[in-house]
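Undergrad: I am attaching a structure below and will ask some questions about it afterwards.
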Amino acid sequence: MERTSTNHPVIELRNVDYQLPSGQPLLAGLNLQVQRGETLVLLGRSGSGKTTTLKLINRLLAPTGGEVCVNGTPTSQSDVICLRRSIGYVIQEVGLFPHFTVERNIGLVPHIEGWTPERIHLRVEELMRLVGLDPQIASRYPHQLSGGQRQRVGVARALAADPAILLMDEPFGALDALTRDQLQREFLSLQQRLNKTVVFVTHDLREALRLGSRIALMEAGRLVAVLSPEEFLRSSDPLAAAYVQAFADGLDSSSRGAS
Amino acid sequence: MNLLHFFLQNQDQIVELTLEHLWLVGISTLLAVVVGIPLGILSAHWPVWNRPVLGTANIIQTIPSLALFGFLLPVPWLGDRADRLAILALTLYALLPVIRNTYTGIRGVDPAVVEAGRGMGLTNSQLLFQVELPLAMSVILSGVRVAVVVSVGLATIAAAIGAGGLGEFIFRGLAMVNNQLILAGAIPAAVLALSADFGLGWLEKRLRPQ
C-alpha cells in the first residue's frame, strides 16, 4: 500500500454519475476525495445516494459516468475481486453467513486467500479480542448471538485480511441506543489504533459528528457540502442548518419531557 | 395369513423386482439431479432462462405417463431397451420439482448475505458453492424428495412397456384378477416411497439453516 505517495487521496470520485438501467438517475456529478486515515461520513436521508456512493467504491455498482479511483487506480481497470478483498465492507443487515460459525465467518477471506489454518485461527482470535468479543463464542452460529455481537463479528470479518480501507453502511443502525453508543465508542478507539481509511454511511447527525473527521452531506443524489464536524455545526448552508436544527429540537423536547 | 404365505413363497421374485424398481428410480433421480440443479441455478441467476426452462419442465409434467412411454418407444437406441426408455421418462418427470426447488432455494437466500459475500470479494463460483447452494440445500432436497416419491409410484407403470420393477406384479395381478399379486407389487412400492420420504425428510431437516 506504500506505492502511492501520501498526498494522493486514497479514494477519489471524479464527476461520477450513476443511473439505474431504467434511466433514473441516483447520483449526478459527484466529486469526492477521501484522505488516508480519515473517517469520512456520508450523511443524508434515505434515497440521497449514500449507499450507492459506497457501492461504487468497491464496484458492487459501476458508475455510468465519471471515474472512481482507489489508491490512484480507476476501479474500472483493477481486478474487481482483488479490489473488494482489499476493502473491508460492513453492512447494516450485517450479512453474516448463517451456515458458518463465527470463526468461519471471520476467517472466510483469509481462507480463500489460502492462509494456513493455524494462521487463520490466530487471526480470528486476535480480531475477536480487538472488537471486544470473547473468543469462546467462536464456535457459535450467528443466530445464537445478540445484535451487538453480530455487528462486532461483522466488523471483525471486514478487518480479517487487514484492508487499508473500510466501508461501513449504517453498521450500528439496527442496534439499541446503549449498544450503539458503546460500539461507537469502541469504533473510535479502534480507529485510533488501526488508522484505517473509513467511509461511513449514516443518517444520524449525532453519529456523524461523533465519528467523522469530515462529513459529506448528500441530498437527492448530489453532494451538498463536505465539512468538518465543527464547520457543520456553524454552517450557514440551509440543509446543514436544518439537520442541526432538527437535532437541537430533539434535544429540546427530550429535556422538556424530562423536566 | 394367506398374503404373508404368498409373500414368503415369492420372496426371491419380490426382492428381485424391488431391486429393479430401485434401480429405475435411483438412476432417473440421479440424472434429474445432475441435469436439474444446474438448470435451476441457470434460471435463478439469469432470469431470461427462467421461463423457457420452467415452462418446458411444466409441459413435460402434463404429459400422461403412459402416453410418454408410448411416444418414446419408437425412438432409436432408446426404444431398444425398455429400461432405458423408462429411465428417460422418469428423469423427465423428476426434473420439474428439482429445477423448481433449486430456483426457489437460491432466490430465497437473503440478499444481504449475497451482497456481503460479493462485497468481500467472493468470486461467482465461491458465492455459489460456499454460500448460495449450502443455504438453498434443504429446499433443493425437498424437491428431490418429491421427485423420488413420485418416481416410485410412476415407475410401476414402466412395467407396461416391459421395463420391469414392481409394476410387473401389479399388471399381472390386474390381468389375472389376483389381489395378492397386486399387493405383492403395491406394498413394497409403498414401503419404498415411505422410507425414501422419511429418510430424505430427515436429511432435509438436518441441512436446514437455522
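Values in this text are rule-based calculations from the coordinates and carry no lab data. From a predicted model like this one, the values you see are computed outputs, not experimental measurements. Virtual Cβ from ideal backbone geometry, glycine too; neighbours counted across all protein chains shown.
Undergrad: Give the lysines whose C-alpha is closer than 29 Å to that of A:Lys196, dropping any in the same chain fewer than 8 places away, or say none.
TA: Output for A:Lys196: A:Lys50, A:Lys55.
Undergrad: Another question about this same structure. Only four residue types carry charge here, +1 at the Cβ of Lys and Arg and -1 at the Cβ of Asp and Glu. Report the dipole size of chain A about the Cα centre in Debye, rounded to the nearest 20. Numbers along the way, then the final one.
TA: On the way: 27 positive and 27 negative charges, 55 e Å.
Roughly 260 debye for chain A.
Undergrad: Residue farthest toward the positive end of the dipole of chain B, with Cβ of Lys/Arg at +1 and Asp/Glu at -1: which of B:Val98, B:Val75, B:Val191?
TA: Value: B:Val98.
Undergrad: Taking the Cα centre of the protein assembly as shown as the origin and placing charges on Cβ (Lys, Arg +1; Asp, Glu -1), which of A:Ala62, B:Leu207, A:Thr116 is farthest toward the positive end of the dipole?
TA: Comparing the listed Cα positions along the dipole, A:Ala62 ranks first.
Undergrad: What is the distance in Å between the Cα centres of region A:70-96 and region B:1-72?
TA: Computed from Cα coordinates, the inter-centre distance equals 45 Å.
Undergrad: So, one more: Assign unit charges at the C-beta atoms only (+1 for Lys and Arg, -1 for Asp and Glu), then state the dipole size of region A:129-251 relative to its Cα centre in Debye, rounded to the nearest 20.
TA: Numbers: 14 positive and 14 negative charges, 99 e Å.
Result for region A:129-251 is approximately 480 debye, rounded to the nearest 20.
Undergrad: While we're on this one: What is the spin-label model distance, in nm, from B:Ile187 to A:Ile137 if the labels are put 7 Å beyond Cα along the C-beta direction?
TA: About 5.7 nm, to one decimal.
Undergrad: Fewest Cβ neighbours within 10 Å first, please rank B:Ser28, B:Ser138, A:Ser76 accordingly. Before the final figure, lay out each step's value.
TA: On the way: B:Ser28 26, B:Ser138 17, A:Ser76 12.
With the sparsest Cβ surroundings first, the list reads A:Ser76, B:Ser138, B:Ser28.
Undergrad: To the nearest 20 debye, what charge dipole does the protein assembly as shown have about its Cα centre, counting +1 at the Cβ of each Lys and Arg and -1 at the Cβ of each Asp and Glu? Please list the in-between numbers first.
TA: Working: 38 positive and 38 negative charges, 47 e Å.
For the protein assembly as shown, the charge dipole is close to 220 debye.
Undergrad: Quick check on the exposure proxy: order A:Asp204, A:Asp79 from fewest to most C-beta atoms within 10 angstrom. Can you show the working numbers first?
TA: On the way: A:Asp204 17, A:Asp79 11.
Fewest to most other Cβ atoms nearby, the residues stand as A:Asp79, A:Asp204.
Undergrad: Restricted to Cα positions, what overall size does region A:94-144 have along the principal axes? Three whole-Å values, descending.
TA: Over region A:94-144, Cα extents along the principal axes are 28, 21, 17 Å.
Undergrad: Which percent, nearest 5, of DSSP beta bridges in the protein assembly as shown are antiparallel? All intermediate terms of the calculation are to be shown ahead of the outcome.
TA: Working: 18 of 36 bridges.
The antiparallel proportion sits near 50 percent.
Undergrad: A follow-up question, please. Taking amide H positions as placed in the peptide plane 1.01 Å from N, state which residues far from A:Thr73 in sequence (5 or more) or on other chains have amide H under 5 Å from it.
TA: Those lying under 5 Å, H to H, from A:Thr73: there are none.
Undergrad: By counting other Cβ atoms within 10 Å of each Cβ, how are B:His21, A:His99 ranked from fewest to most?
TA: Values: B:His21 26, A:His99 19.
So the ranking, lowest neighbour count to highest, is A:His99, B:His21.
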